[in-house]
1. Has segment 149-165 got any residue that is of a type in the set (Ser, Thr, Tyr) and closer than 29 Å to Leu359 by Cβ?
2. Within the set of pairs 6+ apart or on separate chains, which have a first residue in segment 288-308 that is touching a residue at least 40 places away in the same chain (Cβ under 8 Å), a second that is buried (at least 17 other Cβ atoms within 10 Å of the Cβ) and acidic (Asp, Glu), and C-beta atoms under 8 Å apart?
3. Please list, ordered by residue number, the helices (runs of 4 or more DSSP H) wholly in segment 186-276 having 3 or more residues that are modelled with pLDDT of 95 or more and of a type in the set (A, V, I, L, M, F, W, C).
4. Give the residue, chosen from Pro60, Pro118, Pro125, that is crowded, with 18+ Cβ neighbours inside 10 Å and either not assigned by TED's automatic domain parsing to the domain that holds Leu219 or not aromatic (Phe, Trp, Tyr) (or both).
5. Just a yes or no: is a residue in segment 131-146 touching a residue at least 40 places away in the same chain (Cβ under 8 Å) and touching a Lys or Arg at 6+ places or on another chain (Cβ under 6 Å)?
6. Surrounded by 16 or more Cβ atoms within 10 Å (Cβ to Cβ), on the phi < 0 side of the Ramachandran plot and free of Cβ contacts under 8 Å to residues at least 60 places away in the same chain - does that describe any residue in segment 19-37?
7. Collect the residues in segment 232-253 that are more than 24 Å from Met51 (Cα to Cα), more than 15 Å from the chain's Cα centre (by Cα) and crowded, with 18+ Cβ neighbours inside 10 Å, keeping them in residue-number order.
Amino acid sequence: MQHQSKLPNVGTTIFTVMSTLANEHKALNLSQGFPNYPSSQKLNDLVTNAMNSGYNQYAPMAGNLNLRLAITKKYQLLYKSTYHPEKEITITAGATQAIYTIISAFIHSDDEVIIFKPAYDCYEPAVKINGGTPISIQLSVPNYKINWEEVSSKITSKTKMILINTPHNPTGTIWSKEDLLQLQKVTQNTNIIVLSDEVYEHIVFDDAKHYSVCLFNDLKQRSFITASFGKTFHNTGWKIGYCCAPKSLMEEFRKAHQFNVFSVNHPAQKGIADFMQDPETYNGLSEFFQRKRDLFLNLISESRFKFSPSQGTYFQVLDYSEITDEYDVDFAKQLTIDYKIASIPLSVFNNDNKDDKVLRFCFAKTEETLIKAAEILSKI
C-alpha cells in the first residue's frame with residue numbers, strides 16, 4: 001500500500017539523533033533537555049502514597065481537582081491572576097500534548113500561525129498536520145530580539161494564532177515587558193489566539209522577571225498558557241503538564257482533549273498537588289539553576305567559545321565561530337564522536353537551516369557532569 005504523508009519532510013528529531021549518537025560513543029549528553037539527577041524524594045513518596053491510597057483509576061477529564069486548585073493558587077501568588085480551577089485549567093500529558101491539542105482544536109485548513117524561529121520542533125508539524133500554514137519570523141544571534149514591525153507586516157486576515165515561547169528554548173532568552181505589550185497591541189481588536197509556551201516560567205536569572213501573558217488583561221483574554229511539571233520538578237519522564245485559558249477557549253480545547261487523551265496519570269497528579277502545597281517547591285528554581293549556569297560558564301570562560309549568559313531555561317547557547325566554519329550539525333556530530341560531548345545545533349530550528357555557528361548545551365546536570373563538560377570544551 002502507498003500513502004501520501006501529511007508530514008513528508010519530517011524525519012527523526014535532532015534530539016533523538018544526538019542522544020543516540022551520544023549513547024553510541026559514550027559521550028556526555030548535554031543535548032536533550034533532561035536532568036541527570038533525581039527528582040525530589042518527598043515528591044516521589046507523595047506519588048507512591050497516592051498509589052497506595054487508591055488513586056489508580058481514571059482522573060477527571062480536566063484533571064485532579066486538588067492539582068487544579070494548586071495551580072490556581074500558584075497564579076494568584078506569582079502573578080495576582082486568576083484561573084478558575086473547574087473551567088479554565090486542564091491537566092495534560094505534558095506541555096507538548098497541550099500545544100498539539102490547542103492547535104488541533106482551533107486551526108483549520110489554510111489558517112496561518114506565526115512562529116518565531118529558532119522554534120521548538122513540535123510547533124510547526126502540529127500546524128501542518130492540521131492543514132494550517134506556518135508563517136516564520138527568523139530571529140538572529142546574539143540577542144534574538146523581536147522586530148515588531150515585521151510581526152505587524154506578517155499579520156493578515158488568515159492569521160489565526162501567534163505562538164510564543166518565553167523563557168525561550170533553544171536560545172535561553174526571555175521576552176521583556178515591552179515585547180508583551182507590543183504583542184498585546186498587534187493582536188488587539190482581532191480574533192487572533194495567542195499560544196504562550198511558558199514551560200520554563202520558574203527558571204529566569206539575574207533577578208529578571210518572567211512576563212506571563214496572564215499579566216496583560218487583553219492578552220489573557222485571547223491566550224492559552226502551557227506549562228510543564230516535568231521541567232519544574234526534574235522528572236520529564238512523567239509527562240505531566242497543564243494549560244490555562246479563559247472559559248470560552250478552554251471549552252473548545254476540552255472537546256479535542258477528551259478524545260485524544262481524556263485523562264492523565266492520576267497518582268502523579270495527586271502527588272504533585274500535595275507537593276505544591278508548599279510554594280517553595282517552585283520558588284527556588286531560578287537560584288538552583290543559576291548556580292549551575294554560573295558554574296558552567298565560569299569553567300569555560302577561557303575557552304574559545306563565545307557566549308551571552310542564558311537569561312532563562314536550563315540551556316546555554318555557545319558560539320563556536322572562532323573555532324571552525326563547519327556547519328553546526330556536522331560540528332555537533334564531530335564533538336560527540338571525537339570529543340565525547342553532545343549538544344544540539346540550532347540551525348535545525350531556523351528558517352532554511354540558517355547556520356549562526358551556535359550550539360545549545362543543557363546545564364540541568366550534576367556539578368560533576370558540568371565540570372567534565374567544561375574540561376572537554378576548554379580543550380577544543
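1. no
2. Phe305/Asp319
3. 247-260, 266-275
4. Working: Pro60 fails: crowded, with 18+ Cβ neighbours inside 10 Å; Pro125 fails: crowded, with 18+ Cβ neighbours inside 10 Å.
Result of the check over Pro60, Pro118, Pro125: Pro118.
5. Taking every residue of segment 131-146 in turn, at least one turns out to be touching a residue at least 40 places away in the same chain (Cβ under 8 Å) and touching a Lys or Arg at 6+ places or on another chain (Cβ under 6 Å).
6. no
7. Within segment 232-253, Cys244, Ala245, Leu249, Met250, Phe253 qualify.
Residue by residue, here is whether (1) in the same structural domain as Thr82 (by TED's automatic domain parsing); (2) surrounded by fewer than 20 Cβ atoms within 10 Å (Cβ to Cβ); (3) farther than 22 Å from Lys73 by Cβ holds:
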| site | (1), (2), (3) |
| --- | --- |
| Leu163 | yes, no, yes |
| His168 | yes, no, yes |
| Ser176 | yes, yes, yes |
| Leu180 | yes, no, yes |
| Leu183 | yes, no, yes |
| Leu195 | yes, no, yes |
| Ile203 | yes, no, no |
| Ala227 | yes, no, no |
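The values are calculated or read from the model by the stated rules, or taken from the named source; none is laboratory data. Here the structure is a predicted model, which means the values were calculated and not measured. FYI the Cβ positions are ideal-geometry reconstructions off the backbone, even for glycines, and counts take in every protein chain you see.
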